[in-house]
Amino acid sequence: MESEDVTTVDGSRDGTHDANRGHDASRGHDANRDRDGHRERIVTAAARLLSEGGPDAVSTRAVSSAAGVQPPTIYRLFGDKQGLLDAVVAYGFTEYLSSKTAEEPTDDPVEDLRAGWDLHIGLGLANPALYSLMYGGHRPGVSSPASVAAFEMLARLIRRIAEAGRLAIPEERAAALVHAAGCGTTLTLIATPEDRRDPELSRTAREAAIAAITTDAPASAEPGPVAAAVTLRAALPRTDALTASERGLLREWLDRIADPAGPHRRRAD
């Protein structure tokens, strides 16, 4: 028989309703804990299968068996296999970063970019299957969440170089160039048998990319309008002296100065 809420003379409810509500909350908490436990086991099992056998080894049947769950659980938690792979890549990327000693930024943002490059290459060589899935296993125009997070880390490094007045080209182009060079170098090294890898390839590519986007330190006393525009463009988000529309207009002007041959160039009258 269902219990009813009973209101006493003083307006309070009896303990029956509160007990049922407490029971429901406890049951919901247990369900969430079970779901989180299933998710962790599934992702860990899938990451192990990926490391041992590559993406083809991460089948729904293999993962469910390794994790000790039923296949419908995987679809309920991740939607589909691509959702599971995204979770595995994010897990592997986070685990790799957490295994490295956190370093505070130095006074030289270009040196920090070098360190970031080496960390990127290290991720690929230490986890080739994970890296290949992170950067080569998605549909054109679609990036994995982990690769987006990695690019945002790179963009922050580029922003610091721009703020220091040492970036020679617009931020977006600099970040894209370093990203393309780093990914290409890493995938090339992964595809090359270990005993045939050129130990100087990464360093040479790194220095070529840095030379293409930076100016010598310290910046010259008269860097010219392009370098000045790049530097001011990087610092623009930190100013509160302008309205949002004014910042947008100034950003457009600075983009034109920083990249006069870019897509925003207007035909001269």
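The values are calculated or read from the model by the stated rules, or taken from the named source; none is laboratory data. As the structure is a computational prediction, the values presented were derived from the model and not from experiment. In this analysis, Cβ positions are derived from the backbone assuming ideal geometry, glycine residues included, and neighbour counts consider all displayed protein chains. The accessibility values were calculated without ligands, DNA or RNA, using every heavy atom of the protein model including side chains. Shrake-Rupley method; radii C 1.70, N 1.55, O 1.52, S 1.80 Å.
Tabulated data for the structure shown
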read-out: Counted charge near ALA146, where neighbours are those whose Cβ lies closer than 12 Å (Asp, Glu -1; Lys, Arg +1); value: -3
read-out: Backbone HN-Hα couplings from phi across the range 117-133 [Karplus 6.51/-1.76/1.60, Hz, Gly and Pro as x]; value: 4, 4, 5, 4, 4, x, 4, x, 6, 7, 9, x, 5, 4, 5, 4, 6
read-out: Chain lengthening between TRP253 and LEU97 when straightened (0.36 nm per residue, less Cα-Cα); value: 52.4 nm
read-out: Accessible surface of the range 141-209, 1.4 Å probe, proportion on carbon and sulfur as whole %; value: 57 percent
read-out: Most to least accessible of TYR96, TYR131, TYR91, TYR75 (protein chains only, probe 1.4 Å); value: TYR75, TYR91, TYR96, TYR131
read-out: Per-peptide average of other Cβ atoms within 10 Å, ordering 182-189, 242-249, 155-162 highest first; value: 155-162, 182-189, 242-249
